[in-house]
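Novice: Attaching a single structure in C-alpha cells format; questions to follow.
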Amino acid sequence: MKLSALGIGLTATLAIVGPGAALAAGPDVVIGDVDDMSGVVSDNLGMGGVEAINMAIADFGGTVLGRKIVVLYADHQNKPDIATSKAREWADQNGLNMLFGGTNTGAAIAISKVIPAKKVPLFITGAGGASLTNEDCTAYTVHYVYNTTALANGTAATVVKNGGKSWFYLTADYAFGTQLQGAASKVVEANGGRNLGSVRVPLQTSDFSSFVLQAQSSGAQVLGLANAGTDLINSLKAANEFGLTKTMKPVGLMVFINNVHSVGLEVAQGSYLTTAWYWDLNDESRAFAKRYFQRMNKPPTMVQAGTYSATMTYLNAVKAAGTTDGDKVMTELKKTKINDMFVKGGYIRSDGLMIHDLYVMQVKTPQESKYPWDYYKVVKVMNGEEAFGPITGLCPLAPK
C-alpha cells in the first residue's frame with residue numbers, strides 16, 4: 001500500500017524513560033539513545049529514532065532473557081561533552097547495556113572514547129564519519145547504516161562520471177563535514193576530476209549568502225555540499241535564490257528523504273544521492289514504512305529504519321548469547337548474518353563496520369512522482385564491498 005493511502009496518527013511511544021528520570025541499575029535491559037533531538041539534524045533521526053527503537057522492542061516482545069527492555073533518551077544538542085556525560089551517567093547509574101550514539105560524528109567520536117571502559121556496545125546509526133571504524137574504532141563500536149566513504153563512492157563517483165569534473169565544497173565545520181569532503185575529494189580525483197577549493201561553514205548557519213558567493217567565484221561545475229539536515233536544506237535554497245544553479249550543480253553528499261521533501265522536487269529533481277534504504281524499495285520496506293507512518297505521519301529515513309534493525313540485531317544477539325555481557329554480545333554480533341527489512345546478508349566486520357548493499361538514487365521529476373513521498377528511482381545497487389571499501393588498517397582491531 002502506498003503512503004498516500006495510509007492512516008495518519010501519532011501513537012504514544014512505548015517503554016521510554018525520559019531525560020533525568022530515575023532508574024536504578026537492576027534487572028532491566030537498558031538501551032540508551034543520545035542524539036540531536038531538537039537541532040540541525042534532529043529530523044533525520046531524533047525522536048523518530050526513539051520511536052523506531054520502541055517499535056523494535058514491541059515487535060521483539062518487550063522482554064529478553066526474561067528481563068524487561070527499557071529505553072533512555074537524551075538530547076546532546078550537538079555537544080560532545082553533553083553526549084559523553086550522559087553516556088557515563090547511564091552506564092554508572094542506570095544499568096546501561098547498549099547505547100545508540102546519535103547523528104553528530106563529533107559527539108559519536110567523543111562517546112567512543114569513554115564507553116569502552118564500561119564495556120557497553122555502541123551502535124552508530126546516524127553519524128557518518130568513517131573514522132569511527134578506522135582510527136577511532138573500538139572493540140565495542142558497531143557502525144551500522146552508512147559512512148562518509150560509502151556516500152562518496154556512490155554520489156561523488158556518479159556525478160563525476162556524468163560530467164561533473166570540477167568541484168568546490170561547502171563544508172560543515174566539524175568532524176563529519178571534514179571527513180565527507182575528504183572522502184569525496186579522493187573519489188573526484190580518482191575518477192579524473194579536480195577539486196578547486198572549499199569553504200568551512202559553522203554548524204547551524206542561518207545565512208549562506210557569503211558562502212554561496214565564494215562558490216560562484218570558484219568557476220567549478222559542481223558545488224559539493226558536505227553538510228546535513230537543515231544546513232543542507234538552507235544551503236540548497238540559498239544556491240537557488242542566488243542563481244548559482246545557472247552555472248553550477250549543487251550536489252548534496254548526504255541527503256535524506258525528509259530533506260528532499262523539505263526543498264521539494266522542483267529544486268531537488270535530477271539530483272543523485274546515496275542511501276542505505278528507501279521506504280518504497282520492496283514489499284518489506286513498504287510494510288515497515290506503513291507502520292512507522294501511522295505513528296509519525298511520515299516515512300522513516302534510512303537511519304530511522306536502520307535504528308529499528310540495529311535494535312532487533314542487538315536483542316537477537318543478547319538472546320543468542322544468553323547474556324547482556326558486552327564482550328559476549330559483541331562476539332555474537334560479529335558472527336551474525338543480518339537479514340531483515342533493512343538489509344539482506346549484512347555482517348559486522350572485524351573493525352565494527354556493518355557491510356551491506358547501498359543504493360545510488362536519482363530524485364524524480366514532479367511529473368515522474370505518482371504519489372506522496374514517491375521521490376527516488378534506483379540508478380545503481382552497490383554491494384557492501386564496493387560501497388565501503390576494504391579494511392584500511394587504521395583500526396588496530398582489523399587483521400593486518
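The values are calculated or read from the model by the stated rules, or taken from the named source; none is laboratory data. Keep in mind that this is a model prediction, so the values were computed, not measured. Every residue, glycine among them, receives a Cβ derived from its backbone with ideal geometry; neighbour counts consider all protein chains shown. Only protein heavy atoms, including side chains, enter the accessible area calculation; ligands, DNA and RNA are left aside. Shrake-Rupley method; radii C 1.70, N 1.55, O 1.52, S 1.80 Å.
Novice: State which residue is nearest to V145 (Cα to Cα) when the search covers only the range 265-288 and only residues that are of a type in the set (D, E) and without any contact (Cβ under 8 Å) to a residue 60 or more places away in the chain.
Specialist: E284
Novice: Still on this structure, I have one more. With (1) under 20 Å from the mean Cα position of the chain (by Cα); (2) open to solvent by 10 Å² or more (accessible area, probe 1.4 Å) as the list, and V114 as the residue in question, which single condition is left unmet?
Specialist: Result: V114 passes all but (1).
Novice: Another one. Where the second residue is open to solvent by 10 Å² or more (accessible area, probe 1.4 Å) and of a type in the set (S, T, Y) and the first is in contact (Cβ under 8 Å) with a residue 60 or more places away in the chain and more than 11 Å from M361 (Cα to Cα) and lies in the range 147-159, which pairs have Cβ atoms under 7 Å and are six or more apart or on separate chains?
Specialist: Pairs that qualify, where the first residue is in contact (Cβ under 8 Å) with a residue 60 or more places away in the chain and more than 11 Å from M361 (Cα to Cα) and the partner is open to solvent by 10 Å² or more (accessible area, probe 1.4 Å) and of a type in the set (S, T, Y), are V159/Y272.
Novice: Additional query: List pairs: first in the range 191-215 and closer than 25 Å to A107 by Cβ, second of a type outside the set (D, E, K, R) and open to solvent by 80 Å² or more (accessible area, probe 1.4 Å), Cβ under 8 Å, 6+ apart or cross-chain?
Specialist: V199/Q214
Novice: Might you check whether a residue that is part of a loop (DSSP other than H, G, I, E, B), of a type in the set (F, W, Y), over 13 Å from W373 (Cα atoms) and under 19 Å from the mean Cα position of the chain (by Cα) occurs anywhere in the range 304-321?
Specialist: The answer is no, given that none of the residues of the range 304-321 is part of a loop (DSSP other than H, G, I, E, B), of a type in the set (F, W, Y), over 13 Å from W373 (Cα atoms) and under 19 Å from the mean Cα position of the chain (by Cα).
Novice: Counting only residues that are more than 14 Å from T155 (Cβ to Cβ) and of a type outside the set (D, E), how many does the range 166-184 have?
Specialist: Going through the range 166-184, the residues more than 14 Å from T155 (Cβ to Cβ) turn out to be 166, 168, 170-179, 182.
After this cut, where a residue has to be of a type outside the set (D, E) as well, the list is 166, 168, 170-172, 174-179, 182.
Counting residues in the range 166-184 that are more than 14 Å from T155 (Cβ to Cβ) and of a type outside the set (D, E) gives 12.
Novice: Being in contact with a strand residue (DSSP E or B) (Cβ under 7 Å, 6 or more places away or on another chain), over 22 Å from N258 (Cα atoms) and free of Cβ contacts under 8 Å to residues at least 60 places away in the same chain is the filter here; which residues of the range 48-66 pass it?
Specialist: Scanning the range 48-66 gives G62, T63.
Novice: With respect to N147, is the statement that it is open to solvent by 10 Å² or more (accessible area, probe 1.4 Å), touching a Gly at 6+ places or on another chain (Cβ under 9 Å) and modelled with pLDDT of 95 or more true?
Specialist: no
Novice: Only one of D28, D33 is open to solvent by 30 Å² or more (accessible area, probe 1.4 Å), within 21 Å of F123 (Cα to Cα), at pLDDT 50 or above and not basic (K, R). Can you tell me which?
Specialist: D28
Yes/no matrix, rows are residues, columns are (1) open to solvent by 20 Å² or more (accessible area, probe 1.4 Å); (2) in contact with a Leu (Cβ under 9 Å, 6 or more places away or on another chain):
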residue: S166; (1), (2): no, yes
residue: A175; (1), (2): yes, no
residue: T178; (1), (2): yes, no
residue: Q181; (1), (2): yes, yes
residue: Q204; (1), (2): yes, no
residue: S210; (1), (2): yes, no
residue: S217; (1), (2): yes, no
residue: L225; (1), (2): no, yes
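Novice: Continuing with this model, one more query. Look at the range 70-94 and say how many of its residues are assigned to a helix (DSSP H, G or I), out of contact with any strand residue (DSSP E or B) (no Cβ under 6 Å at 6 or more places or on another chain), closer than 18 Å to V40 by Cβ and of a type outside the set (D, E).
Specialist: 2
Novice: Which ones in the range 24-59 are of a type in the set (G, A, S) and assigned to a helix (DSSP H, G or I)?
Specialist: Passing the criteria: G46, G48, G49, A52, A56, A58.
Novice: Name the one entry in G193, G197 that is surrounded by 24 or more Cβ atoms within 10 Å (Cβ to Cβ) and not aliphatic (A, V, I, L, M).
Specialist: It is G193.
Novice: Please find, within the range 243-274, the residue that is surrounded by the fewest Cβ atoms within 10 Å (Cβ to Cβ) out of those that are farther than 21 Å from G163 by Cα and touching a Leu at 6+ places or on another chain (Cβ under 7 Å). It would help to see each step written out before you state the result.
Specialist: First, the residues of the range 243-274 that are farther than 21 Å from G163 by Cα: 256-266.
Narrowing further to those that are touching a Leu at 6+ places or on another chain (Cβ under 7 Å): 259, 263.
Working: N259: 21, V263: 19.
Residue satisfying both the conditions and the ranking: V263.
Novice: Where residues in the range 56-83 are within 25 Å of A226 (Cβ to Cβ) and of a type outside the set (K, R), which of them is surrounded by the fewest Cβ atoms within 10 Å (Cβ to Cβ)?
Specialist: Residues of the range 56-83 within 25 Å of A226 (Cβ to Cβ): 75-83.
Going one step further and asking which of them are of a type outside the set (K, R), we end up with 75-78, 80-83.
On the way: D75: 20, H76: 27, Q77: 16, N78: 23, P80: 19, D81: 11, I82: 16, A83: 28.
Step by step, filter the range 56-83, then rank; the result is D81.
Novice: Now a separate question. When you check Q216 against the structure, is it in contact with a Ser or Thr (Cβ under 8 Å, 6 or more places away or on another chain), modelled with pLDDT of 95 or more and polar (S, T, N, Q), yes or no?
Specialist: no
Novice: Would you call G102 at pLDDT 95 or above, crowded, with 24+ Cβ neighbours inside 10 Å and either β-branched (V, I, T) or in a loop (DSSP other than H, G, I, E, B) (or both)?
Specialist: Working: at pLDDT 95 or above: no; crowded, with 24+ Cβ neighbours inside 10 Å: yes; either β-branched (V, I, T) or in a loop (DSSP other than H, G, I, E, B) (or both): yes.
Judged against the criteria, G102 is not a match.
Novice: Failed condition for T158, given (1) touching a Gly at 6+ places or on another chain (Cβ under 7 Å); (2) over 23 Å from Y308 (Cα atoms), with all others met?
Specialist: Result: T158 fails condition (1) only.
Novice: Another question about this same structure. Just name the residue that is least open to solvent (accessible area, probe 1.4 Å) out of those in the range 317-351 that are polar (S, T, N, Q) and free of Cβ contacts under 8 Å to residues at least 24 places away in the same chain. Talk me through it step by step, then tell me what you get.
Specialist: Filtering the range 317-351 down to residues polar (S, T, N, Q) leaves 323-324, 331, 336, 339, 350.
Within this subset, residues satisfying the condition of being free of Cβ contacts under 8 Å to residues at least 24 places away in the same chain are 331, 336, 339.
Details: T331: 87, T336: 38, N339: 99 Å².
That would be T336.
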